[in-house]
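As structure tokens, the structure follows; a few thoughts come after it.
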């Protein structure tokens, strides 16, 4: 009696599908498509000198944030149509400048050999990818800006796309740092948490963004969690005669 038990065939890992090749010249359109279709190939290209991607990444990020800010500004209309895009774009760029030194330090602690220029282009690419994803959410967010007066609901609706966009942006950053020789993910993940908190605090420091106020900026210092709690029950005034809320 044959008692041999047939063995399953050996597991052969399936390689990921090949990404589209990048053109020799990385113009804005090529970088825009590469962020979505060829992120791993783009990460390798950023390691080469002379890629010229930093400025184009920043242009994509700024353009995307302006459009998304315009959508959020349409919730309160009036001066928020220009104030919200300005604040969101400025806040994102300031957060990037504030967190760039710590990104360089944490990437070195992770074992990365990337220089400051490559990390700057990578950070700009992360912001550009996050901005592109926010563009995809913008039409859905705009529908709700015209359907609700609740500050808390609009705040949540703005935060969810931002969390999703940053998730993919952090994945792009992590891939780039790993490709530059990093042997640990812990420092990069810690930096991602720092950057997220900084952007949330910037949105509070530059308030109001989705609400109305008689001031362009507030001089009141407040932690973003406390700001969310204080704004939970506020709604957009129906007419200009109603007192304006300052979330």
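The values are calculated or read from the model by the stated rules, or taken from the named source; none is laboratory data. Because the structure is a prediction, the values reported are computed rather than measured. Every residue, glycine among them, receives a Cβ derived from its backbone with ideal geometry; neighbour counts consider all protein chains shown.
Determine which single condition residue 237 fails, assuming it passes every other condition in (1) at pLDDT 90 or above; (2) outside any helix (DSSP H, G or I).
It is condition (1) that residue 237 fails.
Check 122, 199, 204, 145 and return the single one that is in contact (Cβ under 8 Å) with a residue 60 or more places away in the chain, more than 30 Å from residue 45 (Cα to Cα) and crowded, with 17+ Cβ neighbours inside 10 Å. Let's see the steps before the verdict.
Working: 122 fails: more than 30 Å from residue 45 (Cα to Cα); 199 fails: more than 30 Å from residue 45 (Cα to Cα); 204 fails: in contact (Cβ under 8 Å) with a residue 60 or more places away in the chain.
Among 122, 199, 204, 145, only 145 is in contact (Cβ under 8 Å) with a residue 60 or more places away in the chain, more than 30 Å from residue 45 (Cα to Cα) and crowded, with 17+ Cβ neighbours inside 10 Å.
Look through 93, 70 and report the one residue that is touching a helix residue (DSSP H, G or I) at 6+ places or on another chain (Cβ under 6 Å) and touching a residue at least 12 places away in the same chain (Cβ under 8 Å).
Working: 93 fails: touching a helix residue (DSSP H, G or I) at 6+ places or on another chain (Cβ under 6 Å).
70 is the lone residue from the list that is touching a helix residue (DSSP H, G or I) at 6+ places or on another chain (Cβ under 6 Å) and touching a residue at least 12 places away in the same chain (Cβ under 8 Å).
Taking region 35-66 on its own, how many of its residues are over 14 Å from the mean Cα position of the chain (by Cα) and either in a loop (DSSP other than H, G, I, E, B) or farther than 30 Å from residue 112 by Cα (or both)?
Summing the residues that are over 14 Å from the mean Cα position of the chain (by Cα) and either in a loop (DSSP other than H, G, I, E, B) or farther than 30 Å from residue 112 by Cα (or both) in region 35-66 gives 7.
Is it fair to say residue 22 is over 15 Å from residue 131 (Cβ atoms) and modelled with pLDDT under 85?
Details: over 15 Å from residue 131 (Cβ atoms): yes; modelled with pLDDT under 85: yes.
Considered against the rule, which asks whether it is over 15 Å from residue 131 (Cβ atoms) and modelled with pLDDT under 85, residue 22 comes out as yes.
Which count do you get for residues in region 48-74 that are modelled with pLDDT under 80 and surrounded by fewer than 17 Cβ atoms within 10 Å (Cβ to Cβ)? It would help to see each step written out before you state the result.
Taking region 48-74 first, the residues modelled with pLDDT under 80 are 48-52.
Now restrict to residues that are surrounded by fewer than 17 Cβ atoms within 10 Å (Cβ to Cβ): 48-50, 52.
The total comes to 4.
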